[in-house]
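Everything on this sheet refers to the single structure shown next.
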Amino acid sequence: MSALALRRNPVAWLLPVCTILGALLLFSFGSADVAVILYVCAIAIVGLILLSDAIVSRRRQPVWALIFFLAVSAAILKNYSAVRDDCRWLVWSHSYKPRVLAQRDSVANEFKHVEWDGWGFPGAGDTTVYLVFDPTDALSSAARGHLSGKFPGLPCEVDVVHRLESHWYAVRFYTDDQWGQRAAFDCTGHSPGSAAAR
């Protein structure tokens, strides 16, 4: 994007870029439910502004900005959980790491962990994500392969394992399952990585 193009129509590029950056900040600090709702609303509003600008100005720049904005927004929403985890880790890892590492080792050989994120709606159930410290990186293959299932060190079958950095993982449990309080999935009879890849 050239400086001349930006001076001619600053709205066409600054508005989508600022919206995307604002969404990443919102993912870092806001609640998961509110962040998604606000970002989808922002996509609709910014998309309409860019479309209106393209129609009124009859220039290509707003059209290219709209295509860029919708492509980036679609990628963010498709990978929302991973993007949110990475944004939050960038901002909050310094305060979460000491809390997890200060825990005593589990008698059941479970990983040290703390609640990391969560969301839910009345009647739909609550989804909980845990920040997990895995000193041997045993969860790395599950994260790399995007596998769901039962893995050593976790008390229950899980939906998603996302690697944040070496030894640190965000582990999303199935809706209404929590660490130590299984509601939907029984932990017996499942082998590690037995579930289909997602």
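In this entry, Ile37 is excluded by the filter for residues that are buried (at least 18 other Cβ atoms within 10 Å of the Cβ) and either aliphatic (A, V, I, L, M) or without any contact (Cβ under 8 Å) to a residue 40 or more places away in the chain (or both).
Can we say Asp126 is within 14 Å of Phe173 (Cβ to Cβ) and surrounded by 12 or more Cβ atoms within 10 Å (Cβ to Cβ)? The answer is yes for Asp126. With the condition kept exactly as written, say whether any residue in the range 95-107 is in contact (Cβ under 8 Å) with a residue 12 or more places away in the chain, surrounded by fewer than 20 Cβ atoms within 10 Å (Cβ to Cβ) and of a type in the set (A, V, I, L, M, F, W, C). Yes; the residues of the range 95-107 include at least one that is in contact (Cβ under 8 Å) with a residue 12 or more places away in the chain, surrounded by fewer than 20 Cβ atoms within 10 Å (Cβ to Cβ) and of a type in the set (A, V, I, L, M, F, W, C). When Val91 is tested against the conditions (1) under 30 Å from Glu165 (Cβ atoms); (2) buried (at least 18 other Cβ atoms within 10 Å of the Cβ), the lone failure is (2). Condition check for Ala44 on (1) at pLDDT 85 or above; (2) within 18 Å of the chain's Cα centre (by Cα): one failure, at (2). Counting only residues that are surrounded by fewer than 15 Cβ atoms within 10 Å (Cβ to Cβ), under 28 Å from the mean Cα position of the chain (by Cα) and not hydrophobic (A, V, I, L, M, F, W, C), the range 47-83 holds 2 of them.
None of Ala184, Ala170, Ala195 is among the small types (Gly, Ala, Ser) and modelled with pLDDT of 90 or more except Ala170.
The values are calculated or read from the model by the stated rules, or taken from the named source; none is laboratory data. Here the structure is a predicted model, which means the values were calculated and not measured. Quick reminder, even Gly has a Cβ in these numbers, built from the backbone with ideal geometry, and neighbours come from all protein chains shown.
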